[in-house]
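*Asks:* Have a look at this one before I ask anything.
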Amino acid sequence: MMQEFSARTAARLADYTLFKLLLPVFRAFLDINVRKEIEKDRLVIACAAQRAGSALQEADIQRLLQQARAIDQKFLQQAAVFPVSIHIEYRDIEQIRRRRIERLLEAAGGLFAQWAQTPRFRAAVARLYSRAEFESLLREILELYSVETKMLSRSVNIPQIFHIARDSLSDTVHTVMVSVAEGLAGELTHKVYRRVPSS
């Protein structure tokens, strides 16, 4: 889902004149960024699997937040090839990051618990969520990632004179990501529920 989200975002940004010039570099940046998010999501899902059937603790979330920071450091090393420097302000992004972790933990934990009685993915999802609820969940997770990406872009250190241009680009990327999130959430929900009888 995250890779498709990133690819669609890059394709949509190609419609903007400025991004046509920057797209090869920007796509590479998005690819690195989404890989780190996939790794974070993998850790969250693994935590949910380990805790299935028992309540999640604050310690679980704090550990995942610390692991996310470690993954960020690898991202910063990879991003060093780009002609900018990045300093992540965690006080700005961690509340959004925490919300995304909590939503993914809740969803994955519920599905793992449900699979004990309903081993098929589509049926398990349908027992936990209405179609509208599942679409809303997917859209929220993607939009939280969009907000975090926007905040991360504001962490790019560039001369003050270029801040307006950077912020304008950041706003454009966020607008595109929100639009892509809505469409992708709808498509994925349709794929999951297309064989589920209407109640």
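*Asks:* Filter the range 59-94 down to the residues that are small (G, A, S) and surrounded by 16 or more Cβ atoms within 10 Å (Cβ to Cβ), then identify the one that is modelled with the highest pLDDT.
*Replies:* Among residues in the range 59-94 that are small (G, A, S) and surrounded by 16 or more Cβ atoms within 10 Å (Cβ to Cβ), the one modelled with the highest pLDDT is A68.
*Asks:* Here is a follow-up. Quick one: in the range 117-129, of everything that is touching a residue at least 24 places away in the same chain (Cβ under 8 Å) and farther than 19 Å from E4 by Cβ, which residue is nearest to the chain's Cα centre (by Cα)?
*Replies:* Once the filter is applied, the top-ranked residue is A126.
*Asks:* Do you know which residues across the range 41-51 are surrounded by fewer than 16 Cβ atoms within 10 Å (Cβ to Cβ) and either touching a Ser or Thr at 6+ places or on another chain (Cβ under 8 Å) or under 16 Å from A116 (Cβ atoms) (or both)?
*Replies:* Result: A49, Q50.
*Asks:* Name the residues in the range 137-177 that are part of a helix (DSSP H, G or I), at pLDDT below 75 and within 18 Å of the chain's Cα centre (by Cα), would you?
*Replies:* If the condition is that a residue be part of a helix (DSSP H, G or I), at pLDDT below 75 and within 18 Å of the chain's Cα centre (by Cα), then S153 is the only one that fits.
*Asks:* Now, a different point. If I ask for residues that are part of a loop (DSSP other than H, G, I, E, B), loosely packed, with under 13 Cβ neighbours inside 10 Å and of a type outside the set (A, V, I, L, M, F, W, C), which ones from the range 104-135 would you list?
*Replies:* Matches in the range 104-135: Q117, P119, R120, S130.
*Asks:* Then there is this: What are the residues in the range 29-56 that are among the polar types (S, T, N, Q) and either part of a helix (DSSP H, G or I) or touching a helix residue (DSSP H, G or I) at 6+ places or on another chain (Cβ under 8 Å) (or both), if any?
*Replies:* Those that are among the polar types (S, T, N, Q) and either part of a helix (DSSP H, G or I) or touching a helix residue (DSSP H, G or I) at 6+ places or on another chain (Cβ under 8 Å) (or both): N33, Q50.
*Asks:* How do the pairs read when you match residues in the range 6-34 that are under 16 Å from M177 (Cα atoms) and exposed (fewer than 15 other Cβ atoms within 10 Å of the Cβ) with residues anywhere that are at pLDDT below 80 and among the hydrophobic types (A, V, I, L, M, F, W, C), using Cβ under 8 Å and keeping only pairs 6 or more apart or on different chains?
*Replies:* Within 8 Å, the pairs are A14/L23.
The values are calculated or read from the model by the stated rules, or taken from the named source; none is laboratory data. Keep in mind it's a predicted model, so treat the numbers as computed, not measured. Using ideal geometry, Cβ is built from the backbone for each residue, glycine included, and neighbour counts are taken over all protein chains shown.
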